[in-house]
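K.L.:
Quick one: structure below, then a few questions.
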Amino acid sequence: ELDLCNEEIVGKDNHQKLSIVYKNDDGEIIAGLLGGTYWGWLYVDRLWVHKDYRKKGIGKQLLEYAEDEGIKRGCEYCHLDTMSWQALGFYQKQKYIVKCEIENIPKGYSKYHLRAPLKTHYRFARMSFFLRFWPSGNQP
């Protein structure tokens, strides 16, 4: 019922899930991104990189790959959230802007909602990048 009401007002959301994994040379999953697209927006629900592989550009590559997929799906913007102890600085380096801060969730910390416009051109990465990335279900 709620979906029908929403569709009458703003149209179908055309929601599509997005799942990306990153494997090391041994085939172990060391990073991943979960999200989706709807109403012309990309949403990143989770972005995770194993602690031994952080600060090596993998998170940036995952986010760029998701953004490119969002562009392919017709999205113009991306939104996501993060906690104050997580990755706020990382997202700000990727040109994401804080649109809202909710303080004391949990007490003493904050939750941030961020957004960024997606570039209108595709980024092309090294071939090794594409050999390690694939949306789930499309694994080589």
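The values are calculated or read from the model by the stated rules, or taken from the named source; none is laboratory data. Computed from a predicted structure; not experimentally measured. Because the Cβ atoms are built from the backbone with ideal geometry, glycine has one as well, and the counts that use them run over all protein chains shown. Just the protein is used for accessible areas: all its heavy atoms, side chains included, with ligands, DNA and RNA removed. Shrake-Rupley method; radii C 1.70, N 1.55, O 1.52, S 1.80 Å.
K.L.:
Quick check for you: with a 1.4 Å probe and neighbouring chains kept, what is the accessible area per residue of the chain, in Å²?
P.N.:
67 Å²
K.L.:
Need the list of lysines near LYS111 for cross-linking: C-alpha distance under 28 angstrom, and skip anything on the same chain fewer than eight residues off.
P.N.:
Qualifying lysines at Cα under 28 Å: LYS17, LYS51, LYS55, LYS56, LYS60, LYS93, LYS95, LYS99, LYS119.
K.L.:
Would you mind calculating the relative contact order of the chain from Cα pairs under 8 angstrom and at least 6 residues apart, reporting the percent as a whole number?
P.N.:
22 percent
K.L.:
Quick one: if you stick a label point 7 Å off each Cα along the C-beta vector at GLN94 and GLU76, how many nm between them?
P.N.:
2.2 nm
K.L.:
Something else: Which three extents, in angstrom, do the Cα atoms of region 1-52 have along their principal axes, listed largest first?
P.N.:
Taking max minus min along each principal axis of the Cα atoms, region 1-52 gives 49, 19, 17 Å.
K.L.:
Roughly how compact is the chain, stated as its Cα Rg over 2.2 N^0.38 Å to two decimals?
P.N.:
Scaled against compact globular proteins, the figure is 1.12.
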